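Read the figures in this text as sums done on the coordinates, not as results from a lab. Keep in mind that what you see is a predicted model, and the values were worked out from it rather than measured. Ideal geometry is used to build each Cβ from the backbone, glycine not excepted, and the neighbour counts take in all protein chains shown.
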Amino acid sequence: MTSTPPVCSYEGSDYQNSFWEKGGRAYEDACEALALKKLLPLRGAHLLELGAGAGRNTPRYTGYEKITLLDYSRSQLEQAHARLGDNPNLRFIAADVYRLPFVEGAFDGATMIRTLHHMADAPAALAQVRRVLAEDSTFILEYANKRNLKSILRYLLGKQKWSPYTAEPVEYLELNFDFHPAAIRTWMKDAGFRIERTITVSHFRLAFLKRTIPTGLLAGLDSLAGLTGGLWQLSPSVFLRATSLNGTSTALPEKAKAASGYACPACREPLEDTPPLIRCPKCERTYPVTDGIYDFRLDA
Ligand SMILES: C[S@@+](CC[C@H](N)C(=O)[O-])C[C@H]1O[C@@H](n2cnc3c(N)ncnc32)[C@H](O)[C@@H]1O
């Protein structure tokens, strides 16, 4: 088993409440809702929500029959479970994006919103997403853009040392990264995705605008500005819709098809869904299921 990068911990965090509900982020939330509306397919069978947190976006994925919420933090999933309630079409999985506990091609859709920015090895994370998607699936990715207007101005005025123009990620806080759009495009291609559409988001993330202009109007203006996303990206947040191409994940093996879709995150052996304990028949690791949350973390 190879080692994977460290995880940015949200265990015990009240992120949903402090950042979104009490943090004055109604504008950003409204912008993201509009972007998702533009990018989501009308219908789908099974969506994987990577870094789902407390499930802020889950109710927006209305076209999918089933949704699997995946997050490394069990306490975030507990909040999501409490907010979304018991629903046989929702699954809650504690696992690491770098070691997804699913067989090849298990999903026909995936989203990753405000999560890639915690990935020290973004290409490895994207390769995992591609692995668990069937060919021709939709992947919606949000990333934090290092080449945004504010960082360009700060750089030109000498208030910021790092260049917004270079391809490498900038780690502005421990395990918090902004990415260059060109680097993201290269990594997506290398992972086996074709980008279909790009929308720039949160252009007007300025306190005085958020205070003076009604949220709905400002988000509507943002949505209009986002239409040029395929041409240039100067906003702090960028949304992409991509399609998974053939070649990376093979057709679903019969053995895996018959099973639950779960695979051992350590050795990739397909697993039977046997709560309250799942045992890998190959490496004999065990994974508990408690209060509706499957725990596939290897070192929690
Ligand atoms: C900023 S929050 C975003 C939550 C949600 N997507 C939203 O937009 O409201 C990032 C989430 O990613 C999760 N996360 C970070 N690194 C992860 C990893 N390696 N594997 C799984 N989840 C991870 C965190 O636990 C956290 O819940």
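Figures for the structure shown
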item	result
Calculated [θ] (222 nm, deg cm²/dmol) that DSSP helices of n ≥ 4 give over the chain, each run adding -39,500 (n - 2.57)	-7500 deg cm²/dmol
Point-charge dipole on Cβ atoms (K/R +1, D/E -1) for region 101-232, about Cα centre, debye to 20	760
Rel. contact order, % - alpha carbon contacts under 8 angstrom, at least six apart, the chain	20
Calculated FRET value between Lys161 and Thr62, using beta carbons and R₀ = 35 Å, to 0.05	0.20
Helix 181-191 axis, angle to the chain major axis (alpha carbon atoms, nearest 10°)	20
Equivalent ellipsoid, region 81-132 (semi-axes from 5 times Cα gyration tensor eigenvalues, Å)	22, 15, 9
Rounded, prolate or oblate (a/c below 1.5 giving rounded, otherwise prolate when a/b exceeds b/c) for region 140-243 by Cα gyration tensor	oblate
Distance from region 80-131 to region 274-297 (C-alpha centre basis), Å	17
Summed side-chain charge close to Pro101 - residues other than Pro101 whose Cβ falls under 10 Å, Lys, Arg +1, Asp, Glu -1	+1
The chain, Rg to Rh (Cα coordinates; Rh as Kirkwood inverse mean 1/r)	0.96
Among beta bridges that DSSP assigns inside region 15-254, antiparallel share in %, nearest 5	45
Quotient of C-alpha Rg and 2.2 N^0.38 Å, computed over region 64-107	1.18
Sequence ranges 164-176, 108-120, ranked by mean other-Cβ count within 10 angstrom, highest first	108-120, 164-176
Region 81-134 - charge dipole about Cα centre, Lys and Arg +1 at Cβ, Asp and Glu -1, debye rounded to 20	100
Net charge, Ile293 excluded, C-beta distance under 10 Å - Lys, Arg +1, Asp, Glu -1	-2
FRET efficiency for Asp121 and Ile152, using Cβ-Cβ distance with R0 set to 41 Å, rounded to 0.05	0.95
Shape category assigned to region 42-137 from the gyration tensor of Cα positions, a/c cut at 1.5	oblate
Difference of contour (0.36 nm per residue) and Cα-Cα distance, Trp20 to Glu78	19.2 nm
Within a Gaussian network of the chain (alpha carbon springs, distance under 10 Å), most fluctuating of Arg131, Arg197, Arg83	Arg83
Lys, Arg +1 and Asp, Glu -1 on Cβ, resulting dipole of region 15-254 about Cα centre, debye, nearest 20	920
Dipole-positive endmost among Ile184, Ser260, Gln76 within the chain (Cβ charges, Cα centre)	Ile184
Label-point separation in nm, Phe208 to Glu171, each point 7 Å along Cα→Cβ	3.6
Contact order normalised by residue count of region 157-237, Cα under 8 Å, 6+ apart, percent	26
For peptides 189-195, 157-163, sequence by mean Cβ density within 10 Å, most packed first	189-195, 157-163
Computed over region 147-300: relative contact order in percent, which uses C-alpha pairs under 8 Å that are six or more apart	17
Unit charges at the beta carbon, dipole of region 15-254: most positive-side option, Val170, Pro123, Ala94	Val170
Sites Arg279 and Leu42, calculated FRET efficiency, Cβ-Cβ separation with R0 51 Å, nearest 0.05	0.85
Net charge contributed by nearby residues that have their C-beta within less than 9 Å of Leu40 (K/R +1, D/E -1)	+4
